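**Q** Please read through the structure below; I'll follow up with questions.
What follows draws every value from the coordinates through simple rules; no lab data is involved. Everything numeric in this text was worked out from a predicted model, so none of it was measured. Quick reminder, even Gly has a Cβ in these numbers, built from the backbone with ideal geometry, and neighbours come from all protein chains shown.
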Amino acid sequence: MPESTQPEIVPFSARIRTATERQHADAENSTFMSDMLGGGLGVEAFYRYTAQLWHVYEALEAYSDALAHDPVAGPFVRPELARVAHLEDDLAHLGGANWRAELEPLPSTAAYAARVRECAQQWPAGYVAHHYTRYLGDLSGGQVVRGTAEKLWQLPKRGAGVRFYVFDQIPNPAAFKREYRELLDALAVDELERQRVLGECQRAFDFNSAMFRELAAEFPIRRRG
Ligand code: HEM
């Protein structure tokens, strides 16, 4: 068996998924997500969470034009993914006219957005790690969050409040994700850089977990026992 071909056998997209599997389960089962999606929190928690996402996507999308022709990050920058305008609609619906004044980022959110900006400016492959962690998640588990939020807080289906989760211009998310994974597999960097990207994906998940911890502290629910 020729060992030299070994690293090529596992596609990079599958390596990323494996490298972040445990963290994904942790995020999914985090106290804040469980409390919020389990019906233990009011719509104000969802509003606060949505405001945190605004900072993250504002950072991700502020560099779309600058990175559009970058050989590494460029192929991932797609207008149909853009979320900031949708987040702003949702925040206006959830928070009312004053939403901009209430955008205050949690410390973890501020650190997360700062790291995204740093990558966008200095390390396009690192930016891809952040892009993957958010957008592929939104196209997947984000749909679970949307359905639950609509039911819990009587938000219009696919309407104001949950527009962030609605990708009108991506009619076939499964096909889109397949193509996205092909782009990851073809990422124009060498093996050493791929390993750094894997590390940055894990860091991206860590930022999300830190945000969930701070949100859980801000929205505690009384526990039994
Ligand atoms: C309640 C919370 C969550 C649920 C229910 C959930 C659920 C899921 C599901 C079912 C998939 C698999 C989709 C598929 O195989 O095509 C998925 C994929 C994914 N999720 Fe989540 N997720 C949650 C939270 C998160 C969070 C917080 C992040 C990170 C910010 C995240 C990032 C991802 C990513 C990057 C993928 C794509 C994995 C891949 O195929 O490479 N998810 N999620």
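**Q** Principal axis extents for the stretch 12-218, Cα atoms only, whole Å, descending order, please.
**A** 47, 31, 31
**Q** Further, regarding this structure: Skipping prolines and chain starts, which residues have an amide H placed within reach, meaning under 5 Å, of the one on Phe219, given they are 5 or more residues away or on another chain?
**A** Distant-sequence amide H within range of Phe219: zero hits.
**Q** Let a ≥ b ≥ c be the square roots of the eigenvalues of the Cα gyration tensor of the stretch 15-117; is it rounded (a/c under 1.5), or, if not, prolate (a/b larger than b/c) or oblate?
**A** Taking the square roots of the gyration eigenvalues as a ≥ b ≥ c, the stretch 15-117 is oblate.
**Q** Give me the distance between the Cα centres of the stretch 147-213 and the stretch 10-56, rounded to whole Å.
**A** Between the Cα centres of the stretch 147-213 and the stretch 10-56 lies a distance of 10 Å.
**Q** Name the residues whose placed amide hydrogens come within less than 5 Å of the amide hydrogen of Arg158, ignoring near sequence neighbours (fewer than 5 apart) on the same chain.
**A** Distant-sequence amide H within range of Arg158: zero hits.
**Q** Through the Karplus equation 6.51 cos²θ - 1.76 cosθ + 1.60, θ set to phi - 60°, convert the phi angles of the stretch 48-53 into ³J(HN,Hα) values in whole Hz; use x for Gly and Pro.
**A** For the stretch 48-53, the Karplus-derived couplings read 5, 5, 4, 5, 5, 4 Hz, x marking Gly and Pro.
**Q** What percentages make up the Cα-Cα pair-distance distribution of the stretch 152-204 when the bins are 10 Å wide from 0?
**A** Taking all Cα pairs of the stretch 152-204, the binned fractions are 19, 30, 28, 18, 5 percent.
**Q** Applying the Karplus parametrisation 6.51 cos²θ - 1.76 cosθ + 1.60 with θ = phi - 60° to the phi angles of the stretch 174-184, what ³J(HN,Hα) value in whole Hz is obtained for each residue in order, glycine and proline being reported as x?
**A** Per-residue couplings from phi come out as 4, 5, 4, 5, 4, 5, 4, 5, 5, 5, 5 Hz.
**Q** Bin all alpha-carbon pair distances of the stretch 63-175 at 5 Å intervals from 0 and give each bin's fraction as a whole percent.
**A** Values per bin, smallest distances first: 2, 11, 17, 20, 21, 17, 9, 3, 0.
**Q** Here's another thing I want to ask about it. Pairs of alpha-carbon atoms within less than 8 angstrom and 6+ residues apart define the contacts here; what relative contact order does the chain have, in percent?
**A** 35 percent
**Q** To continue, here is another question. Rounded to whole Å and sorted largest first, list the principal axis extents of the Cα atoms in the stretch 74-136.
**A** Ordered largest first, the stretch 74-136 gives principal extents of 37, 28, 17 Å.
**Q** What's the magnitude of the charge dipole for the chain around its Cα centre, counting Lys and Arg as +1 and Asp and Glu as -1 at the beta-carbon? Answer in Debye, nearest 20.
**A** The calculated dipole for the chain is roughly 760 debye.
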